[in-house]
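The values are calculated or read from the model by the stated rules, or taken from the named source; none is laboratory data. A quick note: this is a predicted structure, and the numbers were derived from the prediction, not measured. Positions of Cβ are generated from backbone atoms using ideal geometry, with glycine treated the same way; all protein chains shown enter the neighbour counts. Keep in mind that these areas ignore ligands, DNA and RNA; they rest on the heavy atoms of the full protein, side chains included. Shrake-Rupley method; radii C 1.70, N 1.55, O 1.52, S 1.80 Å.
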Amino acid sequence: ATQSEYDAYIEAGYPKPNVSYIVDTDEIIFTNYQDAPAGPDRVLLGMKIEDFTGTTFGTATSYITEAYIPDGVTSIGDMAFSSCNSLTSVTIPDSVTSIGQQAFYNCSGLTSVTIPDSVTTIGNSAFGGCKRLTSVVIPDSVTTIGNGAFSGCSGLTSVTIPDSVTTIGDNTFSECSGLTSVTIPNSVTTIGSMVFHNCKKLSSVDIGNSITTINSGAFGNCSSLTSVTVRATTPPTLPSGAFNAALPRPAIYVPAESVDAYKAATNWSEYASQIQAISE
């Protein structure tokens with residue numbers, strides 16, 4: 001919006017928002033907008049709002065198209081941009097170290113996001129429901145990915161998980177119906193419950209050599225899964241029926257010296273006829 005449009009909005013009797021703003025080439029950019037007096041975590045920094053006409057700032061999330069987070073901000077608060085369904089792009093500066101719970105939850109118009117190397121924590125459901133997000137690169141600085149962090153990102157076709165991550169939380173990539181393959185690095189020891197649940201296009205998974213636990217439903221309803229590579233020499237804990245949704249059942253590749261151990265291990269034995277040595 002422009003300064004004149006903002007002034008006209010106030011003169012028309014609409015509620016004056018609790019904001020600070022700057023005018024850049026006659027375009028208003030909010031630098032501190034708070035949509036609820038009792039919600040300090042809902043301060044949104046650097047929002048550009050395209051239209052004031054006929055709206056109140058209680059519903060301004062539908063009008064936010066771009067977000068600028070200034071240098072010096074160290075964390076993006078819980079629910080900071082939640083349900084900003086017109087938000088298409090966001091710039092996160094290198095000063096940010098944590099992205100809060102549901103920070104970008106249900107930002108259904110968000111197509112891309114760059115997570116800087118400074119970020120160490122991605123909170124629960126931080127990007128959940130971002131249906132148009134097509135790819136995500138998680139930097140090496142991240143050590144914690146919260147539960148459901150990318151759940152429901154149905155447009156996500158690729159994701160890079162860095163070697164710094166040790167645990168992938170519950171539901172992290174559930175309902176990512178466009179995801180076709182994933183590589184889980186050697187640093188990961190635990191795959192949480194329902195992590196890839198209902199990823200119906202997921203055809204291949206490569207799991208690193210440090211994995212010790214795969215929790216229930218991690219690959220539930222992954223009906224297109226044809227190849228599972230597990231590089232750990234000791235069979236990790238596996239729930240019963242882990243790969244039953246895939247028909248025919250996937251080929252399971254394990255270290256050559258561990259084939260017999262996998263075929264005999266609890267619940268892995270269900271897939272004894274599919275287990276074979278990694279050929280590379």
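For the reader, a short list of remarks on this structure follows.
- By average C-beta atoms within 10 angstrom, highest first, the peptides 115-124, 173-182: 173-182, 115-124
- Accessible-area composition of segment 91-138, carbon plus sulfur, in percent [1.4 Å probe]: 42 percent
- Under a 5 Å amide H cut-off, with hydrogens placed 1.01 Å from N, T91 pairs with A67, I69 among residues at least 5 apart or on other chains.
- Accessible surface computed residue by residue for segment 141-280, with neighbouring protein chains in place and a 1.4 Å probe, gives 38 Å² per residue.
- Largest-first ellipsoid semi-axes for segment 62-182, taking √(5λ) over the Cα gyration tensor eigenvalues, angstrom: 19, 18, 12
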